[in-house]
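The values are calculated or read from the model by the stated rules, or taken from the named source; none is laboratory data. Computed from a prediction, not measured in an experiment: that's the story for all the values here. Don't worry about glycine lacking a Cβ; one is built from the backbone with ideal geometry, like all the others, and counts go over all protein chains shown. The accessibility values were calculated without ligands, DNA or RNA, using every heavy atom of the protein model including side chains. Shrake-Rupley method; radii C 1.70, N 1.55, O 1.52, S 1.80 Å.
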Amino acid sequence: MHENSGAAKKGQIAQDIVGGTEDVVMEDGSAPKADGNGLENLKSMYEHEGDWDSEEEDDKDWNPDVDDEDVVLVEWFCTNCTDSNADDVFHCEQCGEHKHSGILKNGFLAPMDLPESESELEPGTDCSGPESKPPLASPPFWSSEMHPVSTAVGFDERMLLHSEAAEKPHPHPERADRLRAIIGGFHAAGLFSGRCCRIPSREATREEMEWVHSHLHVSAVEATSSQEASSFGRDTYVNSHSALAARLASGACVDIMKAIIKGQVLNGFALVRPPGHHAMTARAMGFCLHNNAALAAKAALISGAKKVMILDWDVHHGNGTQEIFESDPSVLYVSLHRHQGGLFYPGTGAATEVGVGDGEGFSVNIPWPCGGIGDEDYLFAFQNVILPIAEQFAPDVTIISAGFDAAKGDPLGGCQVTPLGYAYMTQMLYSLMKGKILAVLEGGYNLRSISASSTAVMKVLMGESPGVPQSLEPTIPGLIAVLQACKVQSRYWRIDPMCILKMQLQLASSEVKLKGKHGTRQMRRGPVWWRWGRKRVVYDHCFNTSGTR
């Protein structure tokens, strides 16, 4: 579907089966410059800010192409953000986390600037080592003999086995510690004190995985079980346990969804990895092997649901999910993501991508044109685009592709969403769906951010209310993106024209204020048709044209 997208032109690469072409590396160890077909390193793909030809950029992100022998290993990497630090530094210079942080045990509730208590630390213990990883705390199991509870949780410790086979000079951002920090935060916040249940673990069957993936794709992932280390493309590592972890992740999503449709639970949170929303019908990419959210949607339809909405708030566009359902009118796919005109990974998700065939109009994309987008922009998009369309679509159940890499502090996302912002978004969906929601973990690579944000979402699923947001004043880039989405989607859904007009006036007013700060210039006066007929009154009032022009 997206083979010729901007991301493909900028160097996106993935393999359909294990093995394949060799990665290209320049003589100096850097990736080739973008020339339409070249390859970029991970930082270029994920954090590009407009200068693809920069040769002096300090790339500290994970890069699998660097030869270990050419790298001088630093003494420790931050558990929270994976940034490198010198041995004599005890607080991460990037995020402030202590070298011996307790974040894996207590999540976001662990003190940021203090180590674990001396009684819990052996002298000389480095908490970044695998021997110091705390076990995952567990809520009680759910069974048919128990009284139904409102919220189910799905996870399995065997998903932690999906990891890099060998220690790298820089840890991969999608690492097992992500789950440890989330579970630790749930436990420390008291969410496992009889307030939710855990579904029994189960591996998805091949038949279930082929609901959304090709036979060849499933076989390719399964083939990795016989290899100690391999990869799909440059960014998606696998080891001999990865296929098992992927089956467990998919099985959890399918089973929670079936429990929701059957009325055994109201909602659920699938704390799973590897993530899934980049996984296409026949391709693993972007850290993803099987598309967990897509499998949950299929499970809902097979179990009796007529319509399913997938709301994807991961900072990256869920190109895999969109491709799988692009011609299916029974699944509404909605995504808010950083796009940057196709230069932000994976490059897909323009507002004009609306689906094809019978599914035209059932893909809704709200592409942010830059980083720095925060709570107000997301909530503004919810009120003006997402909720009006969702109310008309009237889904039987909603799946949240819950990536938390748009959160403030994330090393890849560069956006500013807070835990409270995620809680507000969840609350809006909760009210719309009367609680029938499945949240599926996707991305998010700052452990404090994903722990705090996941806990905020979980509390709303369990019935707690975050209150009412105080402000819905979007930034100018956010306003532009929402206005663009409204104009495109108004061809398929009822979008109040007065809302569009109000946003146009708001944008024009903002431009006037900005231009006033940077000197006097010709003022943009809005669409010429405002000067015609009854619209002339609005035009004259907003732009004061009754006097001089």
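Tabulated data
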read-out	value
Simple label model, 7 Å out from Cα along Cβ direction - Lys306 to Gln506, nm	3.4 nm
Average accessible surface area per residue within region 229-326, 1.4 Å rolling probe, Å²	18 Å²
Calculated FRET efficiency for the pair Ser490/Lys262, C-beta based, R₀ 35 Å, to 0.05	0.40
Nearest-0.05 FRET efficiency for Glu360 and Ser219, computed from C-beta distance (R0 35 Å)	0.60
Cβ-derived FRET efficiency at R0 35 Å, Gln470 paired with Ala165, nearest 0.05	0.15
Cα-projected label distance for Arg158 with Thr281, points at 7 Å along beta-carbon direction, nm	3.0 nm
Largest-first ellipsoid semi-axes for region 186-251, taking √(5λ) over the Cα gyration tensor eigenvalues, angstrom	29, 16, 10
For region 322-451, convex hull volume per residue from C-alpha positions, Å³	102 Å³
Summed residue charge, Cβ within 13 Å of Asp328's Cβ, Lys/Arg positive, Asp/Glu negative	-1
